[in-house]
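The values are calculated or read from the model by the stated rules, or taken from the named source; none is laboratory data. All figures in this text were calculated on a predicted structure; none of them were measured in a lab. Neighbour counts run over all protein chains shown; Cβ positions are idealised from the backbone, glycine included. Accessible surface is based on the protein model in full, side chains and every heavy atom, while ligands, DNA and RNA are left aside. Shrake-Rupley method; radii C 1.70, N 1.55, O 1.52, S 1.80 Å.
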Amino acid sequence: MDNEKNNYTAIWNKFSHDYQLTENQLHAFIRYFELIIEYNQNFNLTALTSVEDVISFHFEDSLKLSNFFDFSTCNGMADIGTGAGMPGIPLKILFPDLPVILIEVTQKKVDFLTYVIKELDLKNIQVCSFDWRTFLRKTHFSVDLFCARASLRPDELLRAFKESSFYKDATIVYWASAFWVSDDNEKSYITDHYDYCIKDRQRSYI
């Protein structure tokens, strides 16, 4: 039992050290993890339930974007199809001043996200229950970065760049597997491609 507790503590301490978290930020991530596990069975939030896997494949997979994108210049980000809140909530915890919109249509997940925001006392973050196409048609948020992690296909995401779109000048970051290949249309929109690893898994930010 003591070994399990020590391992649990060591995993969190390493994560905190790697991302230079404050004590409050670390506590927020720990509580967020606890809520994911607590609500997972009824809300179908993730197939990963160990602390090591959630940190690696959800939290770090979200936060590694900060190695390639300067969030201090971001006026607002929106997380498309956020599900359990990744990458939006981890990025919000790491960058408390970052305005964040979590786009999610499933009501159970909307309820979960709303509770997490209240429980973690996060400010300047909101949940929008519009689907992607409705979001593009009906909203005018100050968003210059969209994040799409395991949500929509690239051809759907590109709707944001239509001439009539309020968000046509924004940047979209697409989380891609090592095997993803863009088609000719998608390729014309790609400005950067960053490879990174989560444990032994190769991935890319497009």
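Our summary gives the chain a relative contact order of 17 percent, counting only alpha carbon pairs under 8 angstrom and 6 or more residues apart.
Local charge sum around K199 (other residues, Cβ-Cβ under 14 Å, Lys/Arg +1, Asp/Glu -1)?
-2
Roughly how many Å is it from the Cα centre of the range 149-180 to that of the range 47-124, as a whole number? For the range 149-180 versus the range 47-124, the Cα centre distance is 18 Å.
Legend: calculated FRET efficiency, Y194 to Q126, from the Cβ-Cβ distance at R0 = 30 Å, rounded to 0.05, equals 0.60.
When the solvent-accessible area of the range 92-205 is split by element, carbon and sulfur atoms take up 49 percent of it, the probe being 1.4 Å. Take the Cα radius of gyration of the chain and divide it by 2.2 N^0.38 Å, N being the number of residues; the result is 1.02. Result for the chain in a Gaussian network model with C-alpha springs under 10 Å: among D70, D53, D79, the largest mean-square fluctuation is at D70.
Here r is the Cβ-Cβ distance between Q20 and S72 and R0 is 25 Å; the resulting FRET efficiency, rounded to 0.05, is 0.95. Here r is the Cβ-Cβ distance between N185 and T134 and R0 is 30 Å; the resulting FRET efficiency, rounded to 0.05, is 0.85. Fully extending the segment from N6 to K168 would add 53.4 nm, taking 0.36 nm per residue of separation and subtracting the current Cα-Cα distance. Ignoring lysines fewer than eight residues from K64 along the same chain, the ones with Cα atoms less than 18 angstrom from its Cα are K14, K92, K199.
Which GluC sites (Glu not before Pro) in the range 104-206 sit in a loop by DSSP (not H, G, I, E or B) and have at most 11 other Cβ atoms within 10 Å of their own Cβ?
Numbers: sites: E104, E119, E156, E163, E186; in loops: E104, E163.
Counting only loop positions with at most 11 other Cβ atoms within 10 Å, the GluC sites (Glu not before Pro) in the range 104-206 are E163.
The mean accessible area for residues of the chain, using a 1.4 Å probe and ignoring ligands and nucleic acids, is 55 Å² per residue.
Under 1.5 on a/c is rounded, so check that first for the range 94-206, then, if it is not, pick prolate when a/b is larger than b/c and oblate when it is not; a ≥ b ≥ c are the square roots of the alpha carbon gyration tensor eigenvalues. Provide the component values of the computation, followed by the final result.
Working: a/c = 1.88, a/b = 1.27, b/c = 1.48.
In terms of gyration-tensor shape, oblate.
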